[in-house]
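As structure tokens, the structure follows; a few thoughts come after it.
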Amino acid sequence: MVSRKRYQLDQVTVEPGESRPATWTFAGDAVSGTEQSYLVIDGTFPTRNVWTFMVRIPNKRGERLEVRPRTTPNLRVWAELTDRSLTFARATKGDARGRWYCQVALADPTGGRTKDVVKGGERDRLPGWFDPLRGRMRRKQNVRPTRGTDGDSLVILVPADDHAAMIRLFFATKVWVLKEGITLA
């Protein structure tokens with residue numbers, strides 16, 4: 001197995017591409033907004049490292065922003081990632097207000113499910129490339145009121161409109177997790 005120490009968020013370069021009006025569905029509801037494309041190069045790999053991503057920015061303030069790859073390098077382990085996304089919502093509580101957050105939901109390399117949502121108490125079990133993000137990690141209940149049982153879920157905060165940081169989080173939670181076959185179980 002390749003050493004996990006080589007994965008670093010700053011090795012992922014993100015260059016903006018075209019922006020266009022778009023419509024899409026999220027949880028069965030029609031959403032309209034802007035679709036911004038990005039050319040992404042994962043410098044942790046010498047080859048098969050060019051990706052294209054799209055960030056879907058809704059027009060309505062309360063809707064979620066979506067980050068997903070449009071194309072992936074030709075490797076079987078990443079083939080399904082065009083069907084996966086990270087979604088970001090606005091934080092509304094405390095010092096997190098004004099920033100966006102996403103759940104720390106790792107891809108499942110076993111194929112048994114689509115993701116593994118990380119709880120607040122599992123923070124120390126995350127791979128080393130999450131170390132620079134620890135200062136931005138919170139429990140969901142501390143960034144937004146919650147109904148149901150997801151208040152203990154671990155989330156990561158990003159500045160509003162920092163699409164590069166959002167794309168890098170996709171690499172941390174999906175791409176590298178699948179490549180290394182990491183599970184927290």
When residues of region 64-80 are filtered for being closer than 12 Å to MET166 by Cα and in a helix (DSSP H, G or I), how many remain?
0
Of (1) in a strand (DSSP E or B); (2) loosely packed, with under 15 Cβ neighbours inside 10 Å; (3) β-branched (Val, Ile, Thr), THR47 fails just (1)
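Restricting attention to region 130-146, report how many residues are over 15 Å from ALA91 (Cα atoms), surrounded by fewer than 17 Cβ atoms within 10 Å (Cβ to Cβ) and touching a residue at least 40 places away in the same chain (Cβ under 8 Å).
1
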Just give me the residues in region 58-74 being farther than 18 Å from PRO21 by Cα, surrounded by 13 or more Cβ atoms within 10 Å (Cβ to Cβ) and more than 16 Å from the chain's Cα centre (by Cα), in sequence order.
PRO73
Pairs returned, first residue in region 156-174 that is closer than 18 Å to SER37 by Cβ, second residue that is part of a helix (DSSP H, G or I), beta-carbon separation under 7 angstrom, 6 or more apart or interchain, are ARG168/LEU9
Which condition breaks for PHE88 when tested against (1) aromatic (Phe, Trp, Tyr); (2) in a strand (DSSP E or B); (3) farther than 20 Å from SER19 by Cα?
(3)
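So, of the residues in region 111-146 that are among the aliphatic types (A, V, I, L, M) and assigned to a strand (DSSP E or B), which turns out to be farthest from LEU9 (Cα to Cα)?
Going residue by residue through region 111-146, those that are among the aliphatic types (A, V, I, L, M) are 117-118, 126, 133, 137, 143.
When the remaining residues are screened for being assigned to a strand (DSSP E or B), the result is 117, 137.
Working: VAL117: 20, MET137: 15 Å.
Only one residue tops the list, namely VAL117.
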Where ASP10 falls short, out of the listed (1) assigned to a loop (DSSP other than H, G, I, E, B); (2) open to solvent by 60 Å² or more (accessible area, probe 1.4 Å); (3) under 19 Å from ILE156 (Cα atoms)
(1)
Of (1) surrounded by 13 or more Cβ atoms within 10 Å (Cβ to Cβ); (2) among the hydroxyl-bearing types (Ser, Thr, Tyr); (3) in a strand (DSSP E or B), THR23 satisfies every one except (1)
Would region 147-170 turn up any residue that is part of a strand (DSSP E or B), at pLDDT 90 or above, buried (at least 21 other Cβ atoms within 10 Å of the Cβ) and among the small types (Gly, Ala, Ser)?
no
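The values are calculated or read from the model by the stated rules, or taken from the named source; none is laboratory data. In this text the structure is predicted, and so the values were computed from the model without any measurement. Counting neighbours? That spans all protein chains shown, and the Cβs are built from the backbone with ideal geometry, glycine included. Areas reflect the complete protein model, heavy atoms only, side chains present, ligands, DNA and RNA absent. Shrake-Rupley method; radii C 1.70, N 1.55, O 1.52, S 1.80 Å.
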